[in-house]
1. Only residues in segment B:203-232 that are within 16 Å of B:P181 (Cβ to Cβ) count as the first member; pair them with residues that are among the aromatic types (F, W, Y) and in a helix (DSSP H, G or I), Cβ under 9 angstrom, at least 6 apart or cross-chain, and list the lot.
2. Quick check on my filter: what residues within segment A:473-485 are farther than 21 Å from B:D32 by Cα and in a helix (DSSP H, G or I)?
3. If you check every pair at least six apart or on different chains, which have Cβ atoms under 6 Å apart with a residue in segment A:725-753 that is within 22 Å of A:I508 (Cβ to Cβ) and basic (K, R) first and a residue that is modelled with pLDDT of 95 or more and crowded, with 20+ Cβ neighbours inside 10 Å second?
4. Just checking, how many residues over segment A:429-474 are away from chain B (no Cβ under 14 Å) and more than 30 Å from the chain's Cα centre (by Cα)?
5. Which one of A:I470, A:I465 is in contact with a helix residue (DSSP H, G or I) (Cβ under 8 Å, 6 or more places away or on another chain), more than 30 Å from A:E199 (Cα to Cα), assigned to a helix (DSSP H, G or I) and touching a residue at least 60 places away in the same chain (Cβ under 8 Å)?
6. When you look at A:V608, is it of a type in the set (A, V, I, L, M, F, W, C) and at pLDDT 90 or above, yes or no?
7. Scanning for something under 28 Å from A:V766 (Cα atoms), open to solvent by less than 50 Å² (accessible area, probe 1.4 Å) and not hydroxyl-bearing (S, T, Y), does segment A:152-170 turn up at least one residue?
8. Only one of these is assigned to a strand (DSSP E or B) and not assigned by TED's automatic domain parsing to the domain that holds A:S142: A:A718, A:A691. Name it.
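The values are calculated or read from the model by the stated rules, or taken from the named source; none is laboratory data. None of these values were measured; they are calculated from a predicted model. Positions of Cβ are backbone-derived with ideal geometry, glycine not excepted, and every protein chain shown enters the neighbour counts. Heavy atoms of the whole protein, side chains included, go into the accessibility calculation; ligands, DNA and RNA do not. Shrake-Rupley method; radii C 1.70, N 1.55, O 1.52, S 1.80 Å.
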Amino acid sequence: MRGQSFLWAVAACFGVAAALSPHQGLIISSAFIVFGYLSFKNRSFFTLLTLVFVGVCTFIWAYVYDEQNDTVLSEHVHTIQGRVDNVPELDGDRISFFLQLPEHNERVQVSARVTEEDALAAFQQLNPGHECTIAGEISTPSSARNFNAFDYQNYLYEQGVHWTLQHVHGEDEMSCREADGTWLTSLKQWRHTGIRYIEDVFPPELQGLAAALLFGERSHMEADTLEAYQDLGIIHLLAISGLHVGIVSGFLFLLFVRSGISRERVCELLLLLLPVYALLAGAAPSVLRAVLMTCFVLLCFRFRIQLQPIDGISLAFLVLLMHDPYLLFHVGFQLSFTISFALIASAAIFRQAKRRIHQFMLVSMLAQVISFPLIVYHFHTYSLVSLPLNIIYVPIVSLIILPMVWILFFLSMLTTFLASFWFFLLENIVAFLHGFFTFLHQNGGMIAVFGRPSGVWVIAMFVIIIVALILFEKRRKTVIFAISLFVATAIFQYVQPYVDGQLRVTFIDVGQGDSILIELPYRQAVYLIDGGGTVMFPREDWQEREQQPDPGRQTVVPYLQSLGIRHVDKVIVTHGDYDHYGGLFAVTEQMDVGTLLYPRVEVDGPAVEAFLLHAREQGAELAFVHEGMHWSVGAYTFQILHPTRHGDGQTDNDDSIVIDANMYDTRWLFTGDLEAEGEQRLVREYPHLRADVLKAGHHGSQTSTTQAFVEHLEPTAAVISAGKDNRYNHPHPDVISNLEEADVHIYRTDLQGAIRFVYQDTGWKVERKVSE
Amino acid sequence: MRHDRCLQCLSPLNTNAGWEALFSWKKPMLCDECQEKLRPLTAPWCVHCSRPLPVTESCGDCERWAKTKNWSGLLTRNVSLFLYDEHLQEVLSAYKYRGDVELAKMFADSLKQTYRKYFKKSIPVPIPLSEERLQERGFNQAAALAEYLPVAYKPLLMRRVDEAKQSKRSRHGRLRGHVRPFAVREDVKSLTGQHILLIDDIYTTGTTLRKAAIPLLHHGAGQVSALTVARS
């Protein structure tokens, strides 16, 4: 079995993927290619049998596991009863946590809103293990409403969560009490206490980092800092992994051995303590991997069995995957195992480096290279400063910050006086570093946008990397060809949009608001009409949430990046309403914007003015436009029909920029929030105006899309961009009936999520993200 | 799973899980330790006989061959794979005298690569053994090596008279030995202009190879080179 468990891990990987992934045929056929190759490599038919056997077994296991992941609740349930399963998260007036149902392995995500500040205290007492009976409105979690977007429903499903319960404190019944917990719940309570202790004792600047490094809890990090960590490629330092587990177990080992316990007993002791540490540290996949591997090493040491590192990691992989097959699709799991595996397999390469510093450089570079395909696949961007930043920051974290945080955690319990000096010192170091990261991040951070690659690209990249490493290991000069191929494949993904002949018009689902992306073929131009924006109503301070909804940051920018868009030629702000420009802050910050078009009317209010100034600061050129202006790229023409030269609309909405676009002889009319009066003007002034696709004005409000306008334009399709279950009840039934009477096909983002019109070869194809 | 041991020292192979061991279709024949004991010959060396030199040039011995009447121009070049040190001597004696034919496999990859690199399109011809020696040894060590070349070898040569064992004679003795021990087999047609590649296990002075080249050149071969495993 020596060195062979690696083969089982490969087989299990395919088995689980085949059971859980929608691309079953592809996976099974590639499984046979890989199995065939591996058994040919080992010149053994028995290997093939073993691989198939393990693959089938894990397939069945994952399939059964998935079948059992179902719900006992239904939408008619009003009250649920269960046990609080994790540390409740407080944000402003909202508390969310998981409630574990009794008798069935299912959890419900509870999201409670508090209407009075006094009631918050009750929620702060809530602890893992508490028995609760909660009433509220139950609903299925929302699935992804945009293309290439994060699927929250699936994310919860993989954690055995099928429902969310909305509870409003004071209006709905709720009762909680402490209950006799198992050792597991008391561990979770310890973790809670530990995090609370950090909140109370650590200086603010340190809290987030300390909670992440000690307890694997990232939610206390500031949103900006966290985003910088993510985009700059140093987020892995916040994940507790081999480094932390190594330090902890090494320290404990020395401590126990020094205090006179025999090595065998110390091993046994650590085998008991490390799983406890894993749970206290939040039990993320990286912690579990590191702890499992350490436990295997200790077990083998204790019983004097030789263990190859490659077997250690393969067994840890198998154990974790059998414990929870969904982990296979977890980014952290994938990265943690891929990088650790690569480091283990590269032992011979590292041996070639004579000096420590060279070894460290090699390790850093290898980790970057091997994680590159996965990072691009999941996040669509890659920071070019990631490597140098890691080379500097990894030693700082592992040699200074991590040990100091550990020591301070215990020191502060003994003496606050002594600790305060060190707190001061560390706080300044961390504040400096975080300031530096956010500065880098705000100034671009050399972030290259690659777009979402295909699975084939990821596989090709890994094959190239493996070939390159084989050649590098053998010190063959031909490694230079493999490296060139790696670079070429990366560049191919980067320039891929420039060879893409599709024309796409996407109505992005930004909730209540507008955001329309137009991509001309071969990246000749990219236009963004509005960027959504969530209108917030005035709140008390205590209600203010840290995580504000921002469709620009959360939806528009990620979607653009998934398409490999780095430069937007024109951003058109149809008018000065927040639900049209609010999301554009993020767009102007994270994208290179050419020109920003705004109607030539009096800028209405300081908020819009601030936005326009911000956009200009970020490098966008401002252009105030009116009727009669136009531009074209090849055969694609764009005419501005509204507002008039004088901008005499009655309301802000009625001064919306209206664009008549002609693409492949299909005419599009983008109307912003234009209302009846403006529509009348267009009918009057443009007697021959026609539109094949009409963006219904003002989210389908009654004040727009009048019968006369529809009859005049004779559209075949209309798109209404409105939020799901929005508070204005858009679109209005009159608008729907106006369109239906004129026999217009209606697309609605509130029902269908994002809607994408794709022109390829000879015709248009419409894609809807959500099926009704 | 079978055959997962080092050809030479028989220790398990899977313990060194490097990238090649994990992913390459090539099956390593030797464990890392045994592989490292082999010392491949590379430049700087003698361009004619692969002897390690401080700079790449022609070594003194080869100069002497070139200047000697009757001996010059017989062998275009010899390429040897490994340095004939104590370790390789041990391996080759196990191979030749103790009959461990399988050991030839450990040279297979290098033989193939070297053939492709230096001797493309040449015809491999193993140095033959006399009937008596073949009876005694059971196999021809040169032919067993030639088996691993990318093209089939041709047994063009035969040994006329048995010589005393080479390894038991001094350099002087070897040079003065029987002048024409080899002959082209009778059924061989003319070798007009062909490139012949002699295969043998060791290159010591190069006398044997040169003697083998004489009848081949007489028979019309364009040039004769040699590929040998060890260079002493």
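1. Hits for this filter: B:G206/B:W65; B:R210/B:W65.
2. Just the residues of segment A:473-485 that are farther than 21 Å from B:D32 by Cα, to begin with: A:478, A:480-485.
Residues satisfying the conditions are A:I480, A:F481, A:A482, A:I483, A:S484, A:L485.
3. Every condition considered, the pairs that remain are A:R748/A:I720.
4. So the first thing to find is which residues in segment A:429-474 are away from chain B (no Cβ under 14 Å), and the list is A:429-458, A:460-461.
Subset that is more than 30 Å from the chain's Cα centre (by Cα): none.
The qualifying residues number 0.
5. Values: A:I470 fails: touching a residue at least 60 places away in the same chain (Cβ under 8 Å).
Every option except A:I465 fails the conditions.
6. Working: of a type in the set (A, V, I, L, M, F, W, C): yes; at pLDDT 90 or above: yes.
Spelling it out, A:V608 is indeed of a type in the set (A, V, I, L, M, F, W, C) and at pLDDT 90 or above.
7. Within segment A:152-170, the subset under 28 Å from A:V766 (Cα atoms) is A:152-155.
Going one step further and asking which of them are open to solvent by less than 50 Å² (accessible area, probe 1.4 Å), we end up with none.
No, because not a single residue in segment A:152-170 is under 28 Å from A:V766 (Cα atoms), open to solvent by less than 50 Å² (accessible area, probe 1.4 Å) and not hydroxyl-bearing (S, T, Y).
8. Working: A:A691 fails: assigned to a strand (DSSP E or B).
One residue alone meets the criteria, A:A718.
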